[in-house]
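The structure under discussion appears below in the form of structure tokens.
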Amino acid sequence: MSTQTASQSHYFDSIAVVGELIRQRDLSPVELVTSCLERINELQSRLNAFITVAPESALSAAKAAETEIQQGQWKGPLHGVPIGIEDFYDTARMRTTAGFEHFRDRIPKKDATAVEKLKRAGAIVIGKTNMHTLGMGTTGLESAFGPVRNPRNVDYIAGGSSSGSAAAVASGMCFATLDTDAIGSCRLPASCCGIVGFKGTYGLISPSGILDGEKDPGEMTRWFNHPGIMARRVQDVAIVLDVLAERSQKESAGYLGAMRKDVNLRVGVTNNFEADHEVRQAFHVAVEKIHALGYSTFSAQAPLRHPANDVTRIETDRNGSQVDRRRGIS
């Protein structure tokens, strides 16, 4: 299996591209992980994207992946690809803190279900990403392990609560991350850092193993937060979702396969929100890009006076009803 030097790095390639190079044995998982570790070493002090970096276990897993692939046991496009895990998810023998001082030395005995699935697919966990303490914030500035900075401009916030994941993916430290999202914790930082954030619907990805055994705040967190994914491309999110989705084996080709279908998409555009001039300009540029991609738009005035507060209230009420339903409370 050939190797690549750091100068020939694949930091910003898609998972589909590096996955195929690995499958063809034109790229070594060990070299790919090494390059990402070098990238982390270069940028971590400036961005603070990770709480824990795991070079030894990541390189060990990469060597195992390389051996498996050489023996014809390729597991799929994530095999040998470095990913990050938001520090909400339990990882066996690797601390899980939720950005909370009280959990600084908390080391779980087993992996969360979603983490276990990713490992079975051959993904390499390179570390645990920083986050707003207990997921309770939108800036990424409040963590027991220090604030996260936006890789596009360190004077800007990275968003939150999954701030470290967005910074890590956007800066090429890893190719995707496993995250959580209740009312924007995955999508907001993805938007701030210019990548893709995906919030799964209830039941699509297992939340089992988010602060497992911690009744408070762990129990409430598990049901309020939807597991989510961040990556640099929609295609990469689909690849990860194909591994994580809790669906019957009888179901179809999967999310990556569905991307090959034509989509007749109409996008609702609202103009009755209060926003600064700069924000409105960026919004209109985004609408123009939607048109350029061949999609149509229509006016959809939202009946909300203070949309951020109203949407947050709606999401919170809905999430609370899910908690009650799971507890058997009508």
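The values are calculated or read from the model by the stated rules, or taken from the named source; none is laboratory data. In this text, all values refer to a predicted model and were calculated from it rather than measured experimentally. All Cβ positions, glycine included, derive from the backbone under ideal geometry; neighbour counts span all protein chains shown.
Just a few scattered comments:
- Pick from segment 271-305, criterion in contact with a helix residue (DSSP H, G or I) (Cβ under 8 Å, 6 or more places away or on another chain) and surrounded by 13 or more Cβ atoms within 10 Å (Cβ to Cβ), ranking: nearest to Q235 (Cα to Cα): T297
- Those residues of segment 14-68 which are free of Cβ contacts under 8 Å to residues at least 12 places away in the same chain and not in a helix (DSSP H, G or I), in sequence order: Q24
- Qualifying residue in segment 42-51 (condition: of a type in the set (F, W, Y) and within 18 Å of the chain's Cα centre (by Cα)): yes
- Failed item, numbered, when E315 is tested on (1) at pLDDT below 70; (2) over 30 Å from I15 (Cβ atoms); (3) out of contact with any helix residue (DSSP H, G or I) (no Cβ under 6 Å at 6 or more places or on another chain): (2)
To keep it simple, each residue is scored yes or no on (1) closer than 28 Å to S162 by Cα; (2) modelled with pLDDT under 95; (3) assigned by TED's automatic domain parsing to the domain that holds E20; (4) touching a Ser or Thr at 6+ places or on another chain (Cβ under 6 Å).
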| position | (1), (2), (3), (4) |
| --- | --- |
| H226 | yes, yes, yes, no |
| A231 | yes, no, yes, no |
| V234 | yes, no, yes, no |
| I239 | yes, no, yes, no |
| L244 | yes, no, yes, no |
| K250 | no, yes, yes, no |
| G254 | yes, yes, yes, no |
| N272 | no, yes, no, no |
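- Qualifying helices (runs of 4 or more DSSP H) (wholly inside segment 134-232; at least 2 residues being more than 27 Å from A282 (Cβ to Cβ) and charged (D, E, K, R)): none
- Checked against the criterion of being within 30 Å of G76 (Cα to Cα), surrounded by 19 or more Cβ atoms within 10 Å (Cβ to Cβ), modelled with pLDDT of 95 or more and within 15 Å of the chain's Cα centre (by Cα), segment 130-141 contains one or more residues that satisfy it.
- Residue match in segment 60-71 (condition: at positive phi and either surrounded by fewer than 20 Cβ atoms within 10 Å (Cβ to Cβ) or among the charged types (D, E, K, R) (or both)): no
- Checked against the criterion of being within 22 Å of E116 (Cβ to Cβ), of a type in the set (D, E) and surrounded by 13 or more Cβ atoms within 10 Å (Cβ to Cβ), segment 248-270 has no qualifying residue.
- Number of residues in segment 168-204 that are within 16 Å of G135 (Cβ to Cβ) and either of a type in the set (A, V, I, L, M) or outside the structural domain of V154 (by TED's automatic domain parsing) (or both): the value is 5.
- In the set (1) more than 11 Å from the chain's Cα centre (by Cα); (2) over 19 Å from I15 (Cβ atoms), the condition left unmet by A123 is number (2).
- Residue in segment 159-182 that is touching a residue at least 60 places away in the same chain (Cβ under 8 Å), under 18 Å from N225 (Cβ atoms), surrounded by fewer than 24 Cβ atoms within 10 Å (Cβ to Cβ) and touching a helix residue (DSSP H, G or I) at 6+ places or on another chain (Cβ under 8 Å) present: yes
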